Amino acid sequence: MPASSFSSTDPDWPIRQAAFQRLAELTRLHGGVLPWDKVAEGFSFRGEPLYFATKAEGIFRPRQMQGGALSIKTTVPRRGRIARYDDIASDDGAFFYRFKGEDPQNHSNQLLARAEALKAPLIYFYGVAPGMYRPIWPAYIARFEPQTLTCEVVADEALPVEPPGTALHDATADRIRRGYITVQAKKRIHQETFRLHVLDAYGCRCAICRLPRPELLQAAHILPDRDERGVPEVPNGLALCHLHHGAFDADLLGIRPDGHIELAPTLRETRDGPTLEHALKAFDGQPIIKPVRQDHWPREQFLEERYARFLQRAA
Ligand SMILES: [Zn+2]
């Protein structure tokens, strides 16, 4: 649909700003990945409560708005382990969002077309695990493609100072910057997805000390992430607390291919306070705690390769 059939300025600019402001607060409070119940809280505009998104709709515009969509959403189904990896695995500086149904003219898809025509900033709730979303905003519909029933979605770092359509801006600079920011957003999503899947496999505990606080846990790679945006493989990960992740990465602590912990000689020979004694030396020779599911266990071949590096560096 030609852009000229719409008014050139976004009629919903103040509502969008209120939504983005609330989203910034939510992510400050709860981190970059939000559980659905936080998204469902919505935001308020001039005292009236509005939704960011609904469970049922992938493409959403509150009834108080008149222009394009406020948000789009992709979901990881409960049973699906990892969804939409074709998308973040690509090198393109864009996400490819599938239309609703087969008719580009239906109401939902037209909300995408209008967002493109108005250059209206929106929110992409990207599902990284069942019920968990990383909001990406401001995002823009860069291309509405009825032939393939998809649109290209790009991310940006900040809102323009003036609403689109009123500011003089450099479209080429926008395109280049947004492509770059979108690739960064994909990398972040990949890392977050990997962390969520690894922590989940390990029951949210450190594989070495059993510390059960997700805030203090990280997903360590056994072998470096060779393709940063490839499918995150749980068997190449370990849930580790900050201390043990640091020790593992510095090769002060190794894991044998049979899953037993081995301290570097330099640590073993040192005598020091309770952290060294109880948080490190006490685990020397102990087995790591493995995930319940056997297909999530660290792959022996990965451990072997990593252990060889440990022996070399620890020597
Ligand atoms: Zn630990």
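The table below gives the values:
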read-out: Cα Rg over Rh - the stretch 203-314, Kirkwood; value: 0.95
read-out: Residue-count net charge about Asp249 - beta-carbon cut-off 14 Å; Lys, Arg +1, Asp, Glu -1; value: +1
read-out: Local net charge near Leu111, Cβ-Cβ under 15 Å (Lys/Arg +1, Asp/Glu -1); value: +3
read-out: Rounded tilt (10° steps) of 13-30 against the dominant C-alpha axis of the chain; value: 10
read-out: Between helix 171-201 and the chain: long-axis angle, C-alpha atoms, 0 to 90°, nearest 10; value: 40
read-out: For the chain: accessible area per residue (Å², 1.4 Å); value: 50
read-out: Listed pairs Lys55/Lys186; Lys38/Lys119; Lys38/Lys186; Lys55/Lys290 exceeding 25 Å between Cα atoms; value: Lys38/Lys119; Lys55/Lys290
read-out: Helix axis angle, 107-118 relative to the chain longest principal axis, alpha carbon, degrees; value: 80
read-out: Per-residue [θ]222 nm for the chain (sum of -39500 (n - 2.57) over DSSP H runs n ≥ 4, rounded to 500); value: -9500 deg cm²/dmol
read-out: Nitroxide proxy distance, nm - points 7 Å out along Cα→Cβ at Glu157 and Glu48; value: 3.5
read-out: Compactness of the chain - radius of gyration and Dmax, Cα, Å; value: 23.3, 76
read-out: Lys, Arg +1 and Asp, Glu -1 on Cβ, resulting dipole of the chain about Cα centre, debye, nearest 20; value: 620
read-out: Spin-label pair Glu102/Leu223, simplified geometry with 7 Å Cα→Cβ offset, distance in nm; value: 4.3
read-out: Surface accessible to a 1.4 Å probe, His260 within the full protein complex, Å²; value: 60
read-out: Cα-projected label distance for Asp170 with Lys55, points at 7 Å along beta-carbon direction, nm; value: 4.7
read-out: Within the accessible area of the chain (1.4 Å probe), percent carbon and sulfur; value: 52
read-out: Among Gly254, Gly47, Gly285: highest mean-square fluctuation, GNM of the chain, C-alpha pairs under 10 Å; value: Gly47
read-out: Percentage relative contact order, the chain, counting C-alpha pairs under 8 Å, at least six apart; value: 14
read-out: Given charges at beta-carbon only (K, R positive; D, E negative), |dipole| of the stretch 206-315 in Debye; value: 180
read-out: Set of the stretch 279-297 residues, backbone N closer than 19 Å to the point 7 Å along the Cα-Cβ line of Ala250; value: 279-285
read-out: Total formal charge among the other residues, if their Cβ is under 13 angstrom from that of Ile176, Lys/Arg +1 and Asp/Glu -1; value: -1
read-out: Selection from Phe310, Gln191, Ile176, by position along the positive dipole direction of the chain (Cβ); value: Gln191
read-out: Added length on full extension, which subtracts the Cα-Cα distance from 0.36 nm per residue, Ala40 to Thr148; value: 35.8 nm
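The values are calculated or read from the model by the stated rules, or taken from the named source; none is laboratory data. Predicted model, so just to flag it, every value in this text is computed and none were measured. Positions of Cβ are generated from backbone atoms using ideal geometry, with glycine treated the same way; all protein chains shown enter the neighbour counts. Heavy atoms of the whole protein, side chains included, go into the accessibility calculation; ligands, DNA and RNA do not. Shrake-Rupley method; radii C 1.70, N 1.55, O 1.52, S 1.80 Å.
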